[in-house]
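A.B. asks: Right, I'll just put the structure down here and ask away after.
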Ligand code: HEM
Ligand SMILES: *[C@@H]1O[C@H](CO)[C@@H](O)[C@H](O)[C@H]1NC(C)=O
Ligand SMILES: *[C@@H]1O[C@H](CO)[C@@H](O)[C@H](O)[C@H]1NC(C)=O
Ligand SMILES: *[C@@H]1O[C@H](CO)[C@@H](O)[C@H](O)[C@H]1NC(C)=O
């Protein structure tokens, strides 16, 4: 009896994990676009509405290399814009590459002292994810923070294939025509916010979802120029000299 109940319980877990999109209960993401005036990048975006109390809200956008539909992309340029609940309750938001929290590359972003900080994370269960040990890198192209939200445009290299340091390998292939993404958002910012490798996050109280994007509309003919253009954009945005 007990073992039967256990069996039924794990069958439910399995069918949830592998359920088809038809039955998932995730909120819909609203499709749109965002033209970044500084770089000229035109992102296809997905927007999550604020939560039931009117707080939060996330827009995530992607631009892919020109040949991503034929050759598996290893990188993308991302746009992340997240609403804060208030000037004091600034929160965190994150993107799940692959569309699931567990065993996919997680990128977490949050504002701290006028800058947007980030951390790559890896989850093996639905708990606070540990630091990701793989080779993904992020380069900030521009960022902004104010009392109502924070925004980041970034280049994410080696972000479509993942390893957990213990032999697990995962990836998503742009040549398949579709890419899976997920988002999550919390009202409260991380503990130890000034130290990306040492943060502690609370659960994503303001929402989460997962969706699939068609690669077709995401490629940019001028991707290489956009990816290299961040030095120029840094000069414009922050008035600093480019690093060579
Ligand atoms: C303290 C940290 C975290 C906890 C305790 C946590 C917990 C959970 C739980 C329990 C679920 C399943 C909810 C359900 O199906 O009803 C979930 C789903 C999800 N989480 Fe997290 N999470 C955390 C951090 C993160 C982070 C940092 C990200 C992204 C950067 C993330 C992305 C997602 C996504 C996309 C889903 C929905 C898809 C899926 O179930 O895999 N989570 N999380
Ligand atoms: C940006 O993309 C959107 C959606 O595809 C399109 O409607 C818009 O005309 C594009 N803008 C520019 C400047 O290319
Ligand atoms: C705050 O930043 C967001 C973008 O992150 C922008 O849309 C909004 O206009 C800004 N608000 C103010 C008061 O500057
Ligand atoms: C980065 O790691 C992934 C996953 O192990 C691997 O497929 C990829 O070849 C690596 N890329 C580089 C440039 O080392």
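A.B. asks: Would it be correct to say that residue 208 is at pLDDT 95 or above and within 14 Å of ligand 1 (Cβ to nearest atom)?
C.D. replies: yes
A.B. asks: If you don't mind, another one. Specify which of the listed residues (119, 142) is away from ligand 4 (no atom under 16 Å from the Cβ), surrounded by 18 or more Cβ atoms within 10 Å (Cβ to Cβ) and at pLDDT below 95.
C.D. replies: Of 119, 142, the one residue that is away from ligand 4 (no atom under 16 Å from the Cβ), surrounded by 18 or more Cβ atoms within 10 Å (Cβ to Cβ) and at pLDDT below 95 is 142.
Conditions tested, residue by residue: (1) more than 16 Å from the chain's Cα centre (by Cα); (2) closer than 27 Å to residue 64 by Cβ.
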{"site": "99", "(1), (2)": "no, yes"}
{"site": "143", "(1), (2)": "no, yes"}
{"site": "146", "(1), (2)": "yes, no"}
{"site": "155", "(1), (2)": "no, yes"}
{"site": "164", "(1), (2)": "yes, yes"}
{"site": "169", "(1), (2)": "yes, yes"}
{"site": "180", "(1), (2)": "no, yes"}
{"site": "183", "(1), (2)": "no, yes"}
{"site": "207", "(1), (2)": "no, yes"}
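A.B. asks: Continuing with the same structure: Across the stretch 40-59, which residue is surrounded by the most Cβ atoms within 10 Å (Cβ to Cβ) among those that are in contact with a strand residue (DSSP E or B) (Cβ under 8 Å, 6 or more places away or on another chain) and closer than 18 Å to residue 227 by Cβ?
C.D. replies: Of everything passing the filter in the stretch 40-59, 41 is surrounded by the most Cβ atoms within 10 Å (Cβ to Cβ).
A.B. asks: Which of the residues belonging to the stretch 143-158 are touching a strand residue (DSSP E or B) at 6+ places or on another chain (Cβ under 6 Å) and more than 16 Å from ligand 2 (Cβ to nearest atom)?
C.D. replies: Answer for the stretch 143-158, where residues must be touching a strand residue (DSSP E or B) at 6+ places or on another chain (Cβ under 6 Å) and more than 16 Å from ligand 2 (Cβ to nearest atom): 143, 144, 145, 149, 150, 151, 152, 154, 155, 156, 157.
A.B. asks: How many residues, within the stretch 146-180, are assigned to a strand (DSSP E or B), in contact (Cβ under 8 Å) with a residue 40 or more places away in the chain and within 16 Å of ligand 3 (Cβ to nearest atom)?
C.D. replies: Count: 6.
The values are calculated or read from the model by the stated rules, or taken from the named source; none is laboratory data. Nothing here was measured: the structure is a model prediction, and the numbers come from that model. Virtual Cβ from ideal backbone geometry, glycine too; neighbours counted across all protein chains shown.
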